[in-house]
Amino acid sequence: MVRIRLTRMGRKNRPFYRVVVADSRAPRDGKVLDILGYYDPLKDPTEIKVNAEKVKTWLDRGAQPTNAVRGLLRKVGIYVS
């Protein structure tokens, strides 16, 4: 199954995350199929930047977002259901 999920980037104690499409069996920071955007929780306010067209394309192809990504997409206004 293909999932839309977060992969951790950044240095120690300064994380930021990429929103990526990956196979559900791949490790968290392993091989990805596509990079959709990023999420920086340390900025005030938190910064979320996502390519809406790519997200909609992957959702139409059957990719399932994780709970964390679903919440981020709702904040941005892309994912409604």
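No lab work stands behind these numbers, since they all come straight from the coordinates. Worth saying up front: this structure is predicted, and the values here are computed from it rather than measured. Positions of Cβ are generated from backbone atoms using ideal geometry, with glycine treated the same way; all protein chains shown enter the neighbour counts.
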**Estimated vicinal HN-Hα couplings, Hz - region 29-46 in sequence order (Karplus 6.51, -1.76, 1.60; Gly, Pro = x)** = 9, x, 5, 10, 8, 7, 9, 9, x, 8, 9, 10, x, 7, 6, 10, x, 4
**Asked** Among 26, 52, 64, whose Cα lies farthest out toward the positive end of the dipole of the chain, if unit charges sit on the beta carbon of Lys, Arg (+1) and Asp, Glu (-1)?
**Response** 26
**Relative packing of peptides 20-26, 56-62 - highest average C-beta neighbours within 10 Å first** = 20-26, 56-62
**Item:** Filter on 12/75; 12/54; 43/75 - keep pairs with C-alpha separation over 21 Å
**Value:** 12/75; 12/54
**Fill in**
Which residues qualify? For residue 36, with a placed amide H closer than 5 Å and at least 5 residues away or on another chain, they are 19, 20, 21
**Asked** So how far, in whole Å, is the C-alpha centre of region 56-81 from the one of region 1-31?
**Response** 15 Å
**Message:** Percent of Cα-Cα pairs more than 17 Å apart in region 2-76, please.
**Reply:** 39 percent
**Request:** Quote the charge dipole size of region 2-76 about the Cα centre in Debye, to the nearest 20; the model charges only the Cβ of Lys and Arg (+1) and of Asp and Glu (-1).
**Result:** 240 debye
